[in-house]
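Novice: My questions all concern the structure below.
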Amino acid sequence: MKKMFLIFLLTSLSFVSNANDSTKVNITNQAVADADNAGLTLPSGFGALIAADNLGRARHIVATKQGGIYVKLERLVGGKGIVYLTDANKDGKMEIETSFGNYIGTGIAIKDNYLYASSNEDVFRYQLDENGKVTNPNNPQRIVKGLWDKRQHASKSIALDNAGNIYVNIGAPSNSCQEVDRTKGSKGMYPCPILDSAGGIWQFKIDQTDQGYHNGVRYATGLRNVVGLDWNQQQNKLYVTMHGRDMLYTLYPDMFDTTVSAELPSETMYAINKGDDAGWPYVYYDHFQKKKVLSPEYGGDGKKAGGEKAIDPIVAFPAHMAPNALLFYTGNQFPAKYKNGAFVAFHGSWNRSPLPQEGYYVVFIPFENGKPSGQWEVFANGFSGTEMVKNPRDAKHRPCGLTEGPDGSLYISDDVKGTIYRIVYNAK
């Protein structure tokens with residue numbers, strides 16, 4: 001009885017102490033939000049802390065059901081491209097337990113008892129043990145090989161369904177499929193030969209080795225570069241976010257002024273079915289006119305509609321913000337409005353001059369029955385560390401990856417300084 005009373009007393013004192021500290025927010029596993037919410041601006045009731053820092057160029061991330069986090073790196077650190085983080089003392093701060101994988105890349109995901117990770121050419125599969133730790137770090141199974149890596153839009157982001165398939169983005173190494181890329185006066189190629197091997201999503205099996213173009217399925221096409229993918233469990237369907245084209249004013253100053261070129265074309269989000277065509281490079285989406293517009297390389301003038309057979313986006317954002325991650329929230333920690341809604345991490349623009357650069361934040365889109373049920377809103381801001389970004393190099397942090405922890409926390413990666421943020425909800 002004395003022992004039980006002592007435990008009760010210590011717990012009570014801890015609660016009172018934290019309740020009187022206005023700069024701290026209690027969260028799961030005894031972690032405490034940073035006094036300044038890690039520099040972020042969040043909706044009321046939310047708190048944030050830096051869970052890990054200085055990891056390298058952290059791209060996509062994925063949490064295990066035990067609470068560990070695997071981080072894919074864009075550049076090797078100590079010769080390794082995957083970092084495994086754990087929180088041994090449950091204080092919310094994570095440390096590197098191990099690192100492995102001698103390749104760079106972006107994609108990383110977990111399904112059942114396997115970790116999947118991609119380089120810019122291949123996709124690998126690792127076995128996980130009962131603690132969520134990789135058992136074969138030096139000997140993964142290569143399930144896909146030989147995908148295009150032509151430097152431009154080279155990241156191979158991935159998502160998995162519930163039927164033994166993996167979906168891989170193969171970005172188009174091109175702006176708009178011109179005969180000479182990004183060159184004024186160069187015509188668009190028709191049909192665009194790039195679409196045979198890039199500019200779309202390819203489907204492969206998760207349990208076969210060394211698959212490639214010869215036995216993969218081109219699941220969807222007309223997608224210039226999809227860095228954000230997620231499999232919506234409610235709809236049992238793939239959703240993606242696409243980076244739109246650039247240089248409307250630079251290539252066609254007689255049709256577009258600098259402001260229009262800064263605002264268009266839209267960055268877009270799609271619900272994907274097998275066989276879909278999103279229309280790149282022949283059309284782009286204009287969120288002001290709310291229609292698909294014929295690209296100037298193919299006879300467009302900024303107003304002429306096109307792509308009658310191409311699918312429409314379900315959400316359109318301002319241009320050039322670089323949607324680098326998509327996550328449907330399935331947890332119970334956040335308020336009900338967030339359940340099954342979508343978070344999108346915007347890496348931030350580089351080409352919106354003369355307007356300020358835009359993005360560098362995470363937005364939320366409410367969903368119902370697989371479709372947006374309201375307007376998108378900025379959820380987490382302040383990553384850049386400045387009110388106005390004139391040059392991307394001014395941004396101290398740039399959101400890149402998203403994952404949901406087993407307790408419903410939202411983790412966000414940054415590929416400038418390798419910071420991992422943890423967002424929690426604490427209001428009652």
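Novice: How much length, in nm to one decimal, is gained on full extension between D301 and F288, taken as 0.36 nm per residue of separation minus their Cα-Cα distance?
Specialist: So the extension gain works out to 3.2 nm.
Novice: Using just the helices of the chain, give the 222 nm mean residue ellipticity in deg cm²/dmol: DSSP H runs with n ≥ 4 each add -39,500 (n - 2.57), and the total is spread over all residues, rounded to 500.
Specialist: Result for the chain: -2000 deg cm²/dmol, rounded to the nearest 500.
Novice: Continuing with the same structure: Extension gain Q127-K337, at 0.36 nm per residue separation less the Cα-Cα distance, in nm?
Specialist: Going from the current span to full extension adds 72.1 nm.
Novice: Oh, and also: To the nearest 0.05, what FRET efficiency results for R182 and N215 with a Förster distance of 45 Å applied to their C-beta separation?
Specialist: According to the calculation, E is roughly 0.85.
Novice: Taking Cβ-Cβ under 4.7 Å as the only way to count a partner, pick out the unpartnered cysteines of the chain.
Specialist: Cysteines of the chain left without a disulfide-compatible partner: C400.
Novice: Given labels modelled 7 Å from the Cα in the Cβ direction, how far is it in nm from T386 to T330?
Specialist: 4.0
Novice: To continue, here is another question. Give the calculated FRET efficiency between E308 and N113 to the nearest 0.05, with a Förster radius of 41 Å applied to their Cβ-Cβ distance.
Specialist: Efficiency for this residue pair is about 0.35.
Novice: I want to check the label-to-label distance for N426 and K145. Put each point 7 Å from Cα in the C-beta direction and report it in nm to one decimal.
Specialist: 5.1
Novice: So, in nm, how far is label K237 from label L76 when the simple model puts each one 7 Å beyond its Cα toward the Cβ?
Specialist: 4.2
Novice: Find the centroid of the Cα atoms in region 302-370 and in region 140-167, then give the distance between the two in whole Å.
Specialist: Here the answer is 22 Å between Cα centres.
Novice: Here's another thing I want to ask about it. Give me the accessible area per residue for region 81-142, probe 1.4 Å, as a whole number in Å².
Specialist: Per-residue value: 44 Å².
Novice: Report the gain in length on full extension from L355 to D254: 0.36 nm times residue separation, minus Cα-Cα distance, nm rounded to one decimal.
Specialist: Answer, rounded to one decimal: 34.4 nm.
Novice: List the pairs from K80/K237; K156/K290; K309/K371; K93/K339; K65/K417 whose alpha-carbon separation is above 22 Å, in the order I gave them.
Specialist: K80/K237; K156/K290; K93/K339; K65/K417
Novice: Looking at region 63-111, which GluC sites (Glu not before Pro) are in a loop (DSSP not H, G, I, E or B) and have at most 11 other Cβ atoms within 10 Å?
Specialist: The qualifying sites: there are none.
The values are calculated or read from the model by the stated rules, or taken from the named source; none is laboratory data. Quick caveat: nothing in here was measured; it's all calculated off a predicted structure. Heads up, the Cβs are rebuilt from the backbone with ideal geometry, glycines too, and the neighbour counts pull from every protein chain shown. Just so you know, the surface numbers come from the protein's heavy atoms only, side chains and all, with ligands and any DNA or RNA stripped out. Shrake-Rupley method; radii C 1.70, N 1.55, O 1.52, S 1.80 Å.
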